[in-house]
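Have a look at the structure that comes next, please.
The values are calculated or read from the model by the stated rules, or taken from the named source; none is laboratory data. Note that the structure is a prediction, hence the values are computed from the model and not measured. Please note: Cβ atoms are built from the backbone with ideal geometry, for glycine as well, and neighbour counts cover all protein chains shown.
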Amino acid sequence: MMKTVLATSIATALSLCAVQAGAADTELNLYSARHYQTDEALYSNFTKQTGIKINRIEAKEDELLERVRNEGANSPADVFITVDAARLAKADELGIFAPVKSKVLEERIPAHLRTERWFSYSTRARVIVYNKDMVKPEQVQTYENLADPALKGKVCTRSGSHPYNLSLGAALVRHDGAEATENWARNVVANFARAPKGGDTDQIKAVAAGECGVAIANTYYLARIMNSSKPEDKEIVERIGTVWPNQKSWGTHINVSGAGMLKTAPNKGAAVKFLEYLASDEAQAYFANGNNEWPVVAGVKVNNPALDKLGAFKADALPVGELAKTAAEAQRIYDRAGFR
Ligand SMILES: [Fe+2]
């Protein structure tokens with residue numbers, strides 16, 4: 001009995017501490033590698049709700065990570081937010097994140113989309129886009145199909161070293177094995193219409209122009225073009241078809257946007273509040289709609305014609321934290337296969 005009372009009072013004292021720490025935090029220092037204008041509303045809404053001011057430092061993820069490392073124990077950073085599971089895992093491997101125990105986050109974010117130290121807030125899918133005059137949809141139903149010799153001289157993609165392709169490679173390693181993935185990468189390279197260059201949007205444009213027969217691209221780039229009223233974008237949409245890859249096997253590869261609290265965070269209370277806020281219905285809608293992504297929280301309404309048009313699909317259920325750990329292996333495999 002005594003033990004229980006003592007334990008309870010310690011727990012109460014601890015939780016009071018946490019509440020007080022949180023109440024004292026009037027500012028939050030956010031290191032952001034996201035670069036979407038719509039995020040403004042996301043942040044100002046948090047300030048409106050909590051009175052906590054956000055000081056945002058925006059830069060490329062490598063610069064931010066370098067900065068955090070240089071600042072060490074004196075870093076003012078509370079939360080690091082970025083896109084791509086491999087990048088979040090890289091930050092985690094550097095040991096910059098603190099574990100966050102939060103009922104709100106556990107309840108709202110599906111288990112396969114969070115780790116102990118970082119949380120996903122939106123998902124995007126990596127899909128196959130093809131030129132309707134050059135390739136039949138039956139030819140490109142899976143990522144594995146892209147290695148088919150029938151597609152010689154038709155495949156386009158951005159660099160193999162880009163985190164989006166590394167995360168995809170990691171998924172292939174997990175599902176098909178390292179050896180099969182290396183063969184796959186070698187054969188995809190042999191099918192290239194041109195050496196990798198540009199971003200996903202450039203691949204979609206090249207497919208529409210007939211320079212490539214087929215390419216891989218993230219859904220938000222595609223949705224951006226689909227939602228555009230520019231005549232040249234409408235023409236692109238006319239010429240291309242989209243496939244949800246691997247619907248009959250492990251599902252379409254998805255990636256995430258996510259964030260974690262720094263272990264050196266001076267405003268830990270504000271940091272946890274912010275991480276929880278990002279999982280609220282309102283924030284989820286901003287977070288996802290702003291960049292044509294899907295919310296991670298079930299039941300949050302998305303108001304996006306392009307995403308509606310793309311419809312539902314079977315997503316890969318592999319935990320993103322696990323996937324991200326395999327990105328370095330995917331890089332070594334791509335290097336050996338000449339997928340640069
Ligand atoms: Fe992107």
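Only one residue in Ser280, Ser257 is closer than 26 Å to Gly169 by Cα and hydroxyl-bearing (Ser, Thr, Tyr). Which one?
Ser257
Those residues that are surrounded by 13 or more Cβ atoms within 10 Å (Cβ to Cβ), modelled with pLDDT under 50 and aliphatic (A, V, I, L, M), I need them from the stretch 19-43; list them, please.
Listed by number, the list holds a single entry, Ala21.
Let me ask something else about it. Please enumerate the residues belonging to the stretch 220-273 that are within 17 Å of the chain's Cα centre (by Cα) and not hydrophobic (A, V, I, L, M, F, W, C).
Matches in the stretch 220-273: Tyr220, Tyr221, Arg224, Gly251, Thr252, His253, Asn255, Ser257, Gly258, Gly260.
Of all residues in the stretch 175-194, count the ones that are of a type in the set (Ser, Thr, Tyr) and over 26 Å from the mean Cα position of the chain (by Cα).
So the answer is 0.
If you don't mind, there's one more thing I want to ask. Looking at the stretch 200-229, which of its residues are more than 25 Å from Ala312 (Cα to Cα) and out of contact with any Cys (no Cβ under 9 Å at 6 or more places or on another chain)?
Passing the criteria: Ala209, Gly210.
Another question about this same structure. Looking at the stretch 137-169 only, could you name the residues that are touching a His at 6+ places or on another chain (Cβ under 9 Å) and either within 16 Å of the ligand (Cβ to nearest atom) or assigned to a helix (DSSP H, G or I) (or both)?
Within the stretch 137-169, Ser167, Leu168 meet the criteria.
Given the stretch 207-303, what strands (runs of 3 or more DSSP E) lie entirely inside it while holding 1 or more residues that are within 16 Å of the ligand (Cβ to nearest atom) and closer than 30 Å to Asn45 by Cβ?
214-218, 254-261
Then there is this: If Thr201 meets every condition in (1) part of a helix (DSSP H, G or I); (2) surrounded by fewer than 21 Cβ atoms within 10 Å (Cβ to Cβ); (3) more than 14 Å from the ligand (Cβ to nearest atom) apart from one, which number is that one?
(3)
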